[in-house]
Amino acid sequence: MSLVLRVDGNRWRAHLREIAAERPGLVPVIKGNGYGLGRGRLARKSQWLGADVIAVGTYDEIGDVASRCAADIVVLTPWRPWIALDDLDPDRVIHTVGRMEDVEALAASPGRPRVVLERLTSMRRHGLTARGLRAAASHVREHGGVRLEGVSVHLPLGDGGNLAEARELMTDVVAAGLGTTTVWVSHLSAGEVERLATAYPDLTFRPRVGTDLWLGDRGALRVTAQVLDVHPVERGERYGYRGRTLPRTGHLLVVSGGTAHGIGLEAPTGEGSARARVATLARGGLDALGLARSPYTVAGKARYFAEPPHMQSSMLFLPSGVEPPAVGDEVEVRVRFTATTFDGVETI
Ligand SMILES: *Cc1c(COP(=O)(O)O)cnc(C)c1O
């Protein structure tokens, strides 16, 4: 009962090396399900890449990466007063701080925590305003109490359109008089960082990259499910949890992968426009019968779910005229890696 991710090890590692080479100061981001590959594996690969710092999403994610690499660890979710500092290695963990009261609390805590000040961006998720950044900088200058490791800027996903905003934010960073020259950036392309570095030669940029690093070469990753069962179905015959019928003859395929794996959560690929829907109805396609396109490819085509995915398997409809695969055969699946739990990850 397996949904498996197969990694072409040589090709994947070559891609990781390439990204590391074109992104000086790279900070690998390791969070959530480890981009489908697992956080432990990504931590080991960060070590192999020679990363001096990695980023995790939350404090809970520190545990399983810390023992697998020697890098310092930035936590991307901002520190809050309920995060206990006692269990964290003060020389290895770098806190992201986005509110004045948190700057003050950390500065007053024992052991001079390492901090990065986050500047609020057009994302409006976390961070200090320009004025807040200046206030935080002067607090740190006057009272010390923390080790300032830089300023963090988390931009929206922009296809190369983030440079103008980044420039404005750099002006704030310089104006704040922080006494640190490191700027941690997200979602800026290699070219954009290069242009910023040229415009601000005194600053050091640390690009935080997840998706483009780990999942940037999709050809190195292959996801397959197994055919668990095959049943011929006549037009009008009942099947599935809901006892539905179809005015079609064909085969029902039961394949591995269900809601527990995240199957069915990926964005629908069906043609969305009203015109496309009318055309589909006119063709009498399976979507006109209320079926949804599945992420499984069988005999070279994306197939339809015969009904919504079950917890660990899915039922597909294969129209007559298509030779059904055999039980045990593998079929390709298109998944959203960050939302998929694989039964296994194999390196080949
Ligand atoms: C998740 C995250 C990243 C990495 O994003 P990708 O799109 O996967 O590269 C970078 N910075 C911050 C603050 C994040 O939360």
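The values are calculated or read from the model by the stated rules, or taken from the named source; none is laboratory data. All values reported here derive from a predicted model rather than from experimental measurement. Backbone-built Cβ (ideal geometry, glycine too); neighbour counts: all protein chains shown. These area figures cover heavy atoms from the full protein model, side chains too; ligands, DNA and RNA do not enter into them. Shrake-Rupley method; radii C 1.70, N 1.55, O 1.52, S 1.80 Å.
At a 1.4 Å probe, what is the % contribution of carbon and sulfur to the accessible area of the range 8-124?
Values: 2480 of 5130 Å².
That fraction is 48 percent.
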Show me 320-328, 138-146, 24-32 ranked by packing, highest mean number of other Cβ atoms within 10 Å first.
24-32, 138-146, 320-328
Would you kindly derive the ³J(HN,Hα) couplings of the range 24-38 from the backbone phi angles with the Karplus curve 6.51 cos²θ - 1.76 cosθ + 1.60 (θ = phi - 60°), listing them in order in whole Hz, with x for Gly and Pro?
x, x, 3, 10, x, 9, 10, 8, x, 7, x, 6, x, 9, x
Using helices alone, I'd like the mean residue ellipticity at 222 nm for the chain: each DSSP H run of four-plus residues gives -39500 (n - 2.57), total over residue count, nearest 500.
-7500 deg cm²/dmol
GNM flexibility winner over the chain from Tyr59, Tyr200, Tyr241 (Cα, springs under 10 Å)
Tyr241
How long are the semi-axes of the equivalent ellipsoid of the range 65-210, taking √(5λ) for every eigenvalue λ of the Cα gyration tensor, in whole Å from largest down?
24, 18, 14
Using the Kirkwood radius built from alpha carbon pairs, what does the Stokes-Einstein equation give as D for the range 69-142 at 37 °C and 0.692 mPa s, in µm² per second?
257 µm²/s
Spin-label proximity, Ala199 to the range 158-186 - amide N less than 13 Å from point 7 Å beyond Cα toward beta carbon:
161-174
Where the chain is the region considered: accessible area per residue in Å², 1.4 Å probe
48 Å²
Among Arg112, Arg235, Arg131, determine the one that fluctuates most according to a GNM of the chain built with springs between C-alpha atoms less than 10 Å apart.
Arg235
Taking Cα atoms only, Rg over Rh for the chain with Rh from the Kirkwood formula is 1.09
Rounded to whole Hz, the Karplus (6.51, -1.76, 1.60) HN-Hα couplings of the range 171-186, x for glycine and proline
4, 4, 5, 5, 5, 6, x, 7, x, 10, 10, 9, 10, 8, 10, 10
Along Cα→Cβ, 7 Å out, is where each label goes; now give me the distance between the ones at Ala190 and His143 in nm to one decimal.
4.3 nm
Simple spin-label estimate for Arg112/Thr58, 7 Å along Cα→Cβ, in nm, reads 3.2 nm
Can you list residues whose amide H is under 5 Å from Arg206's amide H, if they're 5+ apart or on another chain and H is modeled 1.01 Å from N?
Val183, Trp184, Val185
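At a Förster radius of 56 Å, what calculated FRET efficiency corresponds to the Cβ-Cβ distance of Arg134 and Glu332, to the nearest 0.05? It would help to have the intermediate numbers written out before the result.
On the way: r = 54 Å, r/R0 = 0.96.
With a Förster radius of 56 Å, E is 0.55.
What number, in percent, do you get for the relative contact order of the chain if the mean sequence gap of Cα pairs under 8 Å and at least 6 apart is divided by its residue count?
Numbers: 676 pairs, mean separation 70.1, N = 348.
Computed over the chain, the figure is 20 percent.
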Could you work out how far helix 130-143 tilts from the main Cα principal axis of the chain, as a 0 to 90 degree angle to the nearest 10?
50 degrees
For Asp212 and Trp48, what is the calculated FRET efficiency with R₀ set at 25 Å and r taken between the beta-carbons, to the nearest 0.05?
0.90
Out of Tyr296, Thr96, Ala135 - ranked by how far each Cα lies towards the positive end of the dipole of the chain, with unit charges on the beta-carbon of charged residues - the top one is Tyr296
Which residues in the range 287-305 have a backbone N closer than 12 Å to a point placed 7 Å from the Cα of Arg244 along the Cα-to-Cβ line?
287-294, 304-305
Sequence-distant residues sharing a close amide H with Tyr304 (under 5 Å, placed H)
Ser294, Phe317
Just to be sure I understand the curve: with the Debye formula and one point per C-alpha of the range 1-113, what is log10 I(q)/I(0) at q = 0.11 Å⁻¹?
-0.42
Spelling out what I want: for every residue of the range 237-243, take phi, set θ = phi - 60°, compute 6.51 cos²θ - 1.76 cosθ + 1.60 (Karplus), and round to whole Hz; glycine and proline get x.
7, 7, 7, x, 4, 9, x
Mind jotting down the three principal axis lengths of the range 130-213 based on Cα atoms? Whole angstrom, largest first.
40, 23, 21
If amide H atoms are built 1.01 Å from N in the plane of the peptide, which residues on other chains or at least 5 residues away come under 5 Å of the amide H of Leu155?
Ser186
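Computing the accessible area with a 1.4 Å probe over protein heavy atoms, can you report the carbon and sulfur percentage for the range 182-272? Don't skip to the answer; put the middle values down first.
Working: 2090 of 4340 Å².
About 48 percent, which is the carbon plus sulfur part of the accessible surface.
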What is the distance, in nm, between label points placed 7 Å from the Cα along the Cα-to-Cβ direction at Asp91 and at Val174?
3.6 nm
When the chain is modelled as a GNM with alpha-carbon springs shorter than 10 Å, which of Pro156, Pro309, Pro207 fluctuates the most?
Pro156
